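Okay, so here's the structure we're looking at.
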Amino acid sequence: MGMTMTQKILAAHAGLDTVQAGQLIRAKLDMVLGNDITSPVAINEFEKAGFTSVFDKSKISMVMDHFTPNKDIKAAEQCKQCRTFARTFGIDHFYDVGNMGIEHALLPEKGLVAAGECIIGADSHTCTYGALGAFSTGVGSTDMAAGMATGEAWFKVPEAILFRLHGSLQKYVSGKDVILHIIGMIGVDGALYRSMEFVGDGLRSLTMDDRLCIANMAIEAGGKNGIFQVDDITRTYMKDRVTRPYTAYEPDADAEYIQIYDIDLSAIRPTVAFPHLPENTKTIDEIGEIPIDQVVIGSCTNGRLSDMKTAAEILKGKKIHPNVRAIIIPATQAIYKECMHAGYLDIFIDAGCVVSTPTCGPCLGGHMGILAAGERCVATTNRNFVGRMGHVTSEVYLASPAVAAASAIAGRISCPKEG
């Protein structure tokens, strides 16, 4: 029996000719990632275990992005602990206020992840890097600690689900709508501990930002990872970013999949996930009058330049509804600068939005946009669990930047007019 893309990467990193679903392996790691919330726990475990060195200071990344700029004393202490660790061991890729970004936008941007690599991160959305044809998955902080010390991790080789994409996206439909459509179709446990593998002629319709968004939310379907077949779009993205050799793994023709889905991209409509699960989806055509209080455009899911461009095009010359607060968060400093040079910041501010430094902030109910009791938010983030963005009676509606921007203007969940 042949192997999937994920299985080939895991076999190569385990030093094996072949692996099978369910097999336990120990694999070498190309990158170990942590942030300002998870790294301190990993550091504590690292020290408790008696480790005195890291396996490779160039293959560890720490990004201060969740509660930064520090929202309180505890957040400041956590960042200080990470800063001290990074200095002690000479970690090459430590990103603090001023040069940081939201981790899962920052690492691809800087060429720190590439096709064929094996990556773990103490953050569930580490699965983002599968957009580049890598195996990447979230782990606990204890696994991060072991990874930093040994450069290895244990895995159970996942079963796989194949998504064959066909056709092209309609205007104002993006990768966010694709993944919400898929999660609505298979459920939040539909890919539980399985690899979600994306192939097909429809890949031509998906930009790298679309793919990063889709892979980012594989975990919201329960997936162990999401991974895209490498094509010219992938190679072009990596060309000026990744300077080391990489391997693009192709699935075998006889690879085994638990399920196979054929997705017609042209049939997907703008989609919104209603509270309180990402699977609770409705198309824009099924949504009635739902007034909102806040809009957040940003996060590791939709804070990239194309997301900012889409929002700016819709908001240009318009005003935010008087009952709505609109928060725009470019995902990295580089994206922030590009927004500035493109005039997007002027558009956002003139429309009545506030523009934040890169931060995860409101996505996890951390800071920069906490919701009060009963408030509703349309967000381009990835989770809408009870209390995710603030008070337990608040509501989060997950949507694309196009829907979020149009909703900010309308004061209710809305979609930009086509044509």
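The values are calculated or read from the model by the stated rules, or taken from the named source; none is laboratory data. As the structure is a computational prediction, the values presented were derived from the model and not from experiment. Positions of Cβ are generated from backbone atoms using ideal geometry, with glycine treated the same way; all protein chains shown enter the neighbour counts. With ligands, DNA and RNA removed, areas are computed over all heavy atoms of the protein, side chains included. Shrake-Rupley method; radii C 1.70, N 1.55, O 1.52, S 1.80 Å.
Which ones in region 213-264 are in a helix (DSSP H, G or I) and either at pLDDT below 95 or surrounded by fewer than 24 Cβ atoms within 10 Å (Cβ to Cβ) (or both)?
Asp232, Ile233, Thr234, Arg235, Thr236, Tyr237, Met238, Lys239
Within region 67-100, take every residue that is modelled with pLDDT under 95 and crowded, with 21+ Cβ neighbours inside 10 Å and give me the one that is farthest from Cys360 (Cα to Cα).
Met100
Can you work out which of the residues in region 121-141 that are among the hydroxyl-bearing types (Ser, Thr, Tyr) and assigned to a helix (DSSP H, G or I) is most open to solvent (accessible area, probe 1.4 Å)?
Among those that are among the hydroxyl-bearing types (Ser, Thr, Tyr) and assigned to a helix (DSSP H, G or I), it is Ser124.
Can you pull out every residue in region 275-311 that is among the charged types (D, E, K, R) and either buried (at least 23 other Cβ atoms within 10 Å of the Cβ) or not in a loop (DSSP other than H, G, I, E, B) (or both)?
Lys282, Asp285, Glu286, Arg304, Asp307, Lys309
In region 191-212, which residues are of a type in the set (Asp, Glu) and farther than 24 Å from Leu107 by Cβ?
Scanning region 191-212 gives a single hit, Asp201.
State all residues of region 313-344 that are in contact with a strand residue (DSSP E or B) (Cβ under 9 Å, 6 or more places away or on another chain), in contact (Cβ under 8 Å) with a residue 24 or more places away in the chain and more than 16 Å from Ala410 (Cβ to Cβ); if no residue qualifies, say none.
Listed by number, the residues that qualify are Ile327, Ile328, Ile329, Pro330, Ala331, Thr332, Gln333, Ala334, Ile335, Cys339, Tyr344.
State the number of residues belonging to region 322-338 that are out of contact with any helix residue (DSSP H, G or I) (no Cβ under 6 Å at 6 or more places or on another chain), in a loop (DSSP other than H, G, I, E, B) and either among the aromatic types (Phe, Trp, Tyr) or surrounded by fewer than 24 Cβ atoms within 10 Å (Cβ to Cβ) (or both).
Selection size over region 322-338: 2.
Tell me, which residue of region 39-59 that is touching a Gly at 6+ places or on another chain (Cβ under 8 Å) and closer than 23 Å to Gly101 by Cβ is surrounded by the most Cβ atoms within 10 Å (Cβ to Cβ)?
The selected residue is Ala42.
Tell me, which residue of region 339-372 that is in a loop (DSSP other than H, G, I, E, B) and open to solvent by 60 Å² or more (accessible area, probe 1.4 Å) is farthest from Arg388 (Cα to Cα)?
Met368
Find all pairs meeting these conditions: Cβ atoms under 7 angstrom apart; at least six residues apart or on different chains; first residue within region 345-364 and under 17 Å from Leu106 (Cα atoms); second residue hydroxyl-bearing (Ser, Thr, Tyr) and open to solvent by 30 Å² or more (accessible area, probe 1.4 Å).
Qualifying pairs under 7 Å: Pro358/Tyr336.
Go through region 194-211 residue by residue and tally those that are open to solvent by less than 10 Å² (accessible area, probe 1.4 Å), closer than 18 Å to Ile9 by Cβ and either modelled with pLDDT under 95 or aliphatic (A, V, I, L, M) (or both).
Counting residues in region 194-211 that are open to solvent by less than 10 Å² (accessible area, probe 1.4 Å), closer than 18 Å to Ile9 by Cβ and either modelled with pLDDT under 95 or aliphatic (A, V, I, L, M) (or both) gives 1.
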